[in-house]
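Chemist: Just passing along the structure, written as structure tokens.
Derivation of every value follows stated rules applied to the coordinates shown; laboratory data play no part. Predicted, not measured: the structure shown is a model, and the values here were computed from it. Every residue, glycine as well, gets a Cβ built from its backbone with ideal geometry; the counts of neighbours run over all protein chains shown.
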Amino acid sequence: MTDTPYERFIERQNRTRDEARADTVAKRHRRGGRTARENLSALTDDTPFTEYGQLAVAAQRSRRSDDELQLETSGDGVLTVIGSVNGRLFDADRAQTALIINDYSVLAGTQGFFHHRKIDRMLSLAKRDLLPVIMLTEGGGGRPGDTDVLTSAGGLNVPTFHAWAALSGVTPRITINHGFCFAGNAALFGAGDIRIATEASFIGMAGPAMIEGGGLGSFAPTQIGPVTEHVKNGGIDILAKDESDAIRFARQALSYWQGAISESEQAPQDTLRKALPQNRRLAYEPRKLLATMLDADSILELKPDFGRAVITAFARIKGKPVAIVCSDCRHLGGAIDIDAAKKITDLFELSNGWQLPVVSFIDTPGFMVGPESESQGAPRIMSELFIAGAKLGTPIIGVCLRRAYGLGAMAMAGGSFEVPRLMVSWPEGEFGPMGLEGAVQLGFRQELAAVPEGPERDELFESLLSELYERGRATEAASLLEFDNVIDPADTRDIVARALDY
């Protein structure tokens, strides 16, 4: 029997650790998961941290014994900590991070009374001290079994969701999910700036019980919000293999906000001079160009399977963190459709909140047009990209790789070629109010119609196309000051890095 306050304290504290719940830990491991404290150690590199609300238990004292509460509802299902993330790379003031880690082994990670209060406390500290937040969201949503709470009806005055959303644009917020994530947990996950999910994730705004209770049918948890769907619809930014992979991605994502690091090795730049196909109609792999121009192993791509006409990513140039937008001409010829417009808008807004400069690599025939695009809300959604560009409070640097046509190219540059701190083009660049082929067909319709179909009309078309190309090629457009300069592709990296230092 323990007698002294110190001994009682040590015993109580030990009950919050994994060693006190060996069976629960083993069950978690058998299912391929890690414990909340194991994830905490991985985030902090086992460095010292300050834990808040460690001794909390569920608000169920009227239905459970003290021993049961302490062993089975430890921490009320969530760890709330301030600790160092990436402390080996950055100073302490930049490494300090608010960590909110749901513990699925405690009441299925559900959100109870003290669970919410712990999260609210951490969010208030993050707001006051401008701390970035990493939140692991696994859990089943709201918990109806907190019988000690006698003065609540609907529980709709919980401040957690408002406080979490209010941090948007104030400080970075990264959410990670592994396993089941429903209702309130899903709302927190989805409101993150960067959303990372493991392959074993199922994320939905309602779980099986709520769906069935609403008369919508009976579904297994694995039928609700599988991660394969969220990858396609843009609901997650990064797909991770497992929790270890997810935490590695989260640390990497946070590092771009944390600042510059030492420059890494990079590929020879002279290969860029012959990187584009000689035939301007042929596609190429833009990720190879990015891998050459950007620091080795520094690219963290976001939403790779959504809005595939553009690539968005975090990366580094000579150690400096940047946000990247890059056309992918292999999809829709690089035309910006509804999903691609949303994707660029998201990146602009994220860059603004995280104070990251944007480097935009442009090769687009413009916005995707046609009845289908308009039926999806093109005038509103595509125009929101101009609003996001106008609100950018960080520098944007534009590099035209090949085609820069119409409103789409302008939108990728922040809304106008006068917006970027520096707007340059590779020699292959071509410019105009719309794609050259379309411009010929539209502007010379009568001339083409006057010539019989066949080789003669084809020859006229190609002649008119050549004339337009010569008029809009990079060196001619630069001579008219439509942008700042034409550059040697091999100098792109150096030129962009210098522009970041203005």
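Chemist: With a Förster radius of 56 Å, plug the Cβ-Cβ distance of Leu156 and Gln269 into 1/(1 + (r/R0)^6) and report the FRET value to the nearest 0.05.
Modeler: Details: r = 58 Å, r/R0 = 1.03.
Using R0 = 56 Å, I get an efficiency of 0.45.
Chemist: Run through every distinct alpha carbon pair of the chain and return the Kirkwood hydrodynamic radius in angstroms, one decimal place.
Modeler: 25.1 Å
Chemist: Continuing with the same structure: What ranking do Asp245, Asp66 get, fewest neighbouring Cβ atoms within 10 angstrom at the top?
Modeler: Values: Asp245 16, Asp66 10.
Least to most surrounded, the residues fall as Asp66, Asp245.
Chemist: Same structure, new question: Scanning the chain for helices, which whole DSSP H stretches are 15 Å or more long along the axis (Cα) and average -0.5 or more by Kyte-Doolittle? Walk me through the intermediate numbers first.
Modeler: Values: long enough: 113-129 (24 Å, -0.83); 243-258 (22 Å, -0.64); 338-354 (24 Å, -0.09); 378-390 (18 Å, 0.93); 455-472 (25 Å, -0.94).
Helices meeting the span and hydropathy rule in the chain are 338-354, 378-390.
Chemist: Can you return the lysines within cross-link range of Lys303? Criterion is Cα-Cα under 28 Å, with same-chain partners fewer than 8 residues away left out.
Modeler: Once the sequence-local lysines are set aside, what remains near Lys303 is Lys127, Lys232, Lys241, Lys288, Lys318, Lys320, Lys342, Lys343, Lys391.
Chemist: Would you please classify the overall shape of region 346-502 from the alpha carbon gyration tensor, given that a ≥ b ≥ c denote the square roots of the eigenvalues, rounded means a/c under 1.5, and beyond that prolate means a/b larger than b/c while oblate covers the rest?
Modeler: On the way: a/c = 3.28, a/b = 1.52, b/c = 2.16.
It is oblate, given that a/c is not under 1.5 and a/b is not larger than b/c.
Chemist: Continuing with this model, one more query. Taking Rh as the Kirkwood radius, which is the inverse of the mean 1/r over Cα pairs, what is the Rg/Rh value for region 5-257?
Modeler: Details: Rg = 17.5 Å, Rh = 18.5 Å.
Expressed as Rg/Rh, it is 0.95.
Chemist: Follow-up question, since we're still on this one. Rounded, prolate or oblate, given the Cα gyration tensor of region 276-433, with a/c below 1.5 counting as rounded?
Modeler: Working: a/c = 1.42, a/b = 1.11, b/c = 1.27.
Because its axes are fairly even, with a/c under 1.5, region 276-433 counts as rounded.
Chemist: Once you list every other residue whose beta carbon is under 14 Å from the beta carbon of Glu447, what net charge do they have if Lys and Arg are +1 and Asp and Glu are -1? Before the final figure, lay out the partial values.
Modeler: Values: positive: Arg445, Arg457; negative: Glu453, Glu456, Asp458, Glu459, Glu462, Glu467.
Local charge sum for Glu447: -4.
Chemist: Hey, what number do you get for the chain at 222 nm if only DSSP H runs of n ≥ 4 count, each worth -39500 (n - 2.57), divided across all residues, to the nearest 500? Kindly include the intermediate steps, with their values, before the conclusion.
Modeler: Values: 21 runs with 195 residues, N = 502.
Counting only the DSSP helices, I get -11000 deg cm²/dmol.
Chemist: What is the sum of charges, Lys and Arg at +1 and Asp and Glu at -1, for the other residues whose Cβ falls under 15 Å from the Cβ of Gly389? Mind dumping the intermediate values first?
Modeler: Working: positive: Lys342, Lys343, Lys391, Arg421; negative: Asp346, Glu349, Glu384, Glu418.
Surrounding charge for Gly389 is 0.
Chemist: Among Phe348, Phe249, which comes first, second and so on when ranked by fewest other beta-carbon atoms within 10 Å? If you can, show how the numbers build up before the last one.
Modeler: Numbers: Phe348 30, Phe249 20.
Ascending Cβ contact count within 10 Å gives the list Phe249, Phe348.
Chemist: Grab the other residues whose beta carbon is less than 12 angstrom from that of Asp501, score K and R as +1, D and E as -1, and report the net.
Modeler: Details: positive: Lys318, Lys320, Arg421, Arg498; negative: Asp494.
Once positives and negatives cancel, what remains is +3.
Chemist: Please rank Val81, Val133, fewest neighbouring Cβ atoms within 10 Å first, as an exposure proxy. Don't jump to the answer; show the numbers that get you there.
Modeler: Details: Val81 21, Val133 24.
Listed from fewest to most nearby Cβ atoms, that is Val81, Val133.
Chemist: Please say if region 1-42 is rounded, prolate or oblate, where rounded means a/c under 1.5 for a ≥ b ≥ c the square roots of the C-alpha gyration tensor eigenvalues, and otherwise the choice is prolate for a/b larger than b/c and oblate otherwise? All intermediate terms of the calculation are to be shown ahead of the outcome.
Modeler: Values: a/c = 6.74, a/b = 2.31, b/c = 2.92.
In terms of gyration-tensor shape, oblate.
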